[in-house]
1. Which of (1) surrounded by 13 or more Cβ atoms within 10 Å (Cβ to Cβ); (2) without any contact (Cβ under 8 Å) to a residue 40 or more places away in the chain is the odd one out, the single condition residue 298 does not satisfy?
2. Somewhere in region 90-102, is a residue surrounded by 14 or more Cβ atoms within 10 Å (Cβ to Cβ), over 26 Å from residue 207 (Cβ atoms) and more than 25 Å from the chain's Cα centre (by Cα)?
3. Can you name the residue in region 348-380 that is in contact with a helix residue (DSSP H, G or I) (Cβ under 8 Å, 6 or more places away or on another chain) and not in a loop (DSSP other than H, G, I, E, B) and is also nearest to residue 330 (Cα to Cα) among such residues?
4. If you go through region 307-347 one residue at a time, how many are free of Cβ contacts under 8 Å to residues at least 40 places away in the same chain, in a loop (DSSP other than H, G, I, E, B) and under 13 Å from residue 67 (Cα atoms)?
5. If a residue counts only when it is more than 19 Å from residue 195 (Cα to Cα) and free of Cβ contacts under 8 Å to residues at least 12 places away in the same chain, which helices (runs of 4 or more DSSP H) contained entirely in region 65-147 have at least 2 such residues?
6. Step by step: first the residues of region 194-227, then only those that are surrounded by fewer than 12 Cβ atoms within 10 Å (Cβ to Cβ) and at negative phi, then the one that is nearest to the chain's Cα centre (by Cα). Which residue is that?
7. From the residues in region 228-248 that are outside any loop (DSSP other than H, G, I, E, B) and crowded, with 17+ Cβ neighbours inside 10 Å, which one is nearest to the chain's Cα centre (by Cα)?
């Protein structure tokens, strides 16, 4: 039995943040009923990030909405709104990621929903919270990365702001929402009390930066300084970074610079015996390393360094990664199928329970695919 079996979630969220959270809850066994608009459905169905499509829709949608059911309703229609309230009476959790005020105008804010179902757990994601001058700004990932200071931590010193190449703010907000919902489900199991779980994307990405922000707060407000080259962490000294070799790249984590000098047969590195110099003089140390490591293949360096228990790694693309025994041993890719007959492969839940990974073969739903069956089941 999966941990959340028997839990029903009414999910009004769309795009990435909310659906990523409910995807994880679905992986754990919850039944997620996705509420979509007639006709166009979740706008994520049209979010094209590559040429790959399935059944004419975005692969992002299919990745993040597998293992869910779709119910089409018009929330501005009084009859459909009553149907939704009937469904909520029989649910355990309600989730949305609309801007502040939208659910209140629909009569589906927390207080209204709690009057329908007193022990409901209500999860809401906003971009910037419900108060303050930014509350009505669009909660879009790149905008949040830019406002939060995150773009000053990646790349080299001369690169300017560098965003992360993933919707990291959306995904962390979804993960935090799922954590809060699970915590409230535990509390409800103990006391019978429901609750309101609120997450803002801005707070999620600030929490993601808790290490450098804590340093900043205790360091007199000194801005993070990225290294001139081979930067991988603004607050760590040499050798931390990724370096080019004759046939690829080599990643080096924390380690003794003089020891590296000895192992790599690079005498210049022996001139930095003091650990404090590995930060204070990291630009010049990294420059020496970068020039030296270009002289041999990645595997040649790995043979020497791994034998000495130095923290290092090859730098793989997805093609090489998936061909590697280390990846294949994880068995994290699963096949899923849509009702159309279209099959696709995607990642599975990274969490194991009692030694087993929760799996489901159910792919993403078509718009309103389950409207008829859900209407009958819940008497909508």
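Taken together, the values in this text are just the output of simple stated rules run on the coordinates, not laboratory data. Note that the structure is a prediction, hence the values are computed from the model and not measured. Neighbour counts are summed over all protein chains in view; Cβ atoms, including those assigned to glycine, are modelled from backbone coordinates with ideal geometry.
1. Of everything listed in (1) surrounded by 13 or more Cβ atoms within 10 Å (Cβ to Cβ); (2) without any contact (Cβ under 8 Å) to a residue 40 or more places away in the chain, residue 298 misses just condition (2).
2. Within region 90-102 (the criterion being surrounded by 14 or more Cβ atoms within 10 Å (Cβ to Cβ), over 26 Å from residue 207 (Cβ atoms) and more than 25 Å from the chain's Cα centre (by Cα)), the answer is yes, since at least one residue qualifies.
3. Taking the candidates together, the pick is 374.
4. Residues flagged as free of Cβ contacts under 8 Å to residues at least 40 places away in the same chain, in a loop (DSSP other than H, G, I, E, B) and under 13 Å from residue 67 (Cα atoms) within region 307-347 amount to 1.
5. Values: elements: 78-89, 102-106, 110-116.
Counting at least 2 such residues, we get 78-89, 102-106.
6. 210
7. Looking at residues that are outside any loop (DSSP other than H, G, I, E, B) and crowded, with 17+ Cβ neighbours inside 10 Å, I get 241.
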